[in-house]
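Read the structure below first, then the notes.
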Amino acid sequence: MTLNSLRDLPKRCRGCVFWELSPECGAALADQDPSLDKEAWVSSTLLQWGGCGQIAYVDNIAAGFVTYAPSYLVPRANQFPSGPASADAALLMTAHVAPAFTGLGIGRLLVQAAATDLSRRGIRALETFGDNRNEAHACVAPTDFFQAVGFTTVAADPHYPRLRLDLSAVGGWHEAAGAIDITIERWLASISPVGAGSF
């Protein structure tokens with residue numbers, strides 16, 4: 001994910017700074033265009049830490065994306081009762097698949113791409129907060145999706161458990177660093193659905 005590719009995200013996601021700003025900061029900046037804050041966060045994170053997301057394209061359409069960063073760059077991470085994320089892990093913030101592409105494995109491919117990228121950078125684990133309530137249009141992805149792609153719960157919570165994926169397990173996954181550019185034919189031939197209620 002780059003500043004240029006941000007424009008490929010759904011408008012609602014381009015303007016969402018749920019993860020990037022603390023609630024107090026978000027309230028103070030309520031009158032500003034949140035997409036500018038999103039761009040500023042991505043720019044700063046790229047400079048301080050490196051790549052912070054993956055986008056899956058199908059026929060030049062952004063079918064889905066994930067974002068991730070160390071928890072010290074994610075103010076909202078401190079607001080969860082099952083947090084904070086472990087010091088040796090990057091935090092998977094957002095996992096989103098466009099409605100037209102759900103249920104076909106795009107979410108799994110995106111998590112694999114993120115895990116491969118982070119593993120190459122020497123990061124030991126990927127953690128995330130799951131949503132047990134499966135809220136529509138939420139900024140937190142469903143817990144059952146994360147469990148379906150290999151995450152296990154490390155800190156229970158009725159609403160937002162913290163889950164972890166050990167990145168030593170990514171060795172057998174396909175190489176998928178950078179944006180995933182796939183065609184419909186290859187995509188349909190190579191994936192299997194990850195289950196009902198999943199991405």
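The values are calculated or read from the model by the stated rules, or taken from the named source; none is laboratory data. Nothing here was measured: the structure is a model prediction, and the numbers come from that model. Cβ coordinates were reconstructed from backbone atoms using ideal geometry, including for glycine residues, and neighbour counts include every protein chain displayed. Accessible surface is based on the protein model in full, side chains and every heavy atom, while ligands, DNA and RNA are left aside. Shrake-Rupley method; radii C 1.70, N 1.55, O 1.52, S 1.80 Å.
The magnitude of the dipole of region 9-126, with charges of +1 and -1 set on the Cβ of Lys/Arg and Asp/Glu and taken from the Cα centre, is near 360 debye.
Converting the Cα gyration tensor eigenvalues of region 1-147 into ellipsoid dimensions via √(5λ) gives semi-axes, longest first, of 20, 19, 17 Å.
Taking the accessible area of region 1-94, probe 1.4 Å, and keeping the other protein chains in place, the carbon and sulfur fraction comes to 54%. Take 103-114, 36-47, 71-82 and order them by the average number of nearby Cβ atoms within 10 Å per residue, most first; the result is 103-114, 71-82, 36-47.
Within 14 Å, Cβ to Cβ, of L165, how many net charges do the neighbouring residues add up to if Lys/Arg are +1 and Asp/Glu are -1?
Values: positive: R108, R124, R162, R164; negative: D88, D117, E127, D166.
Around L165, the charge tally is 0.
For region 36-145, the residue among S44, A136, A56 whose Cα projects farthest onto the positive side of the dipole built from Cβ charges is S44.
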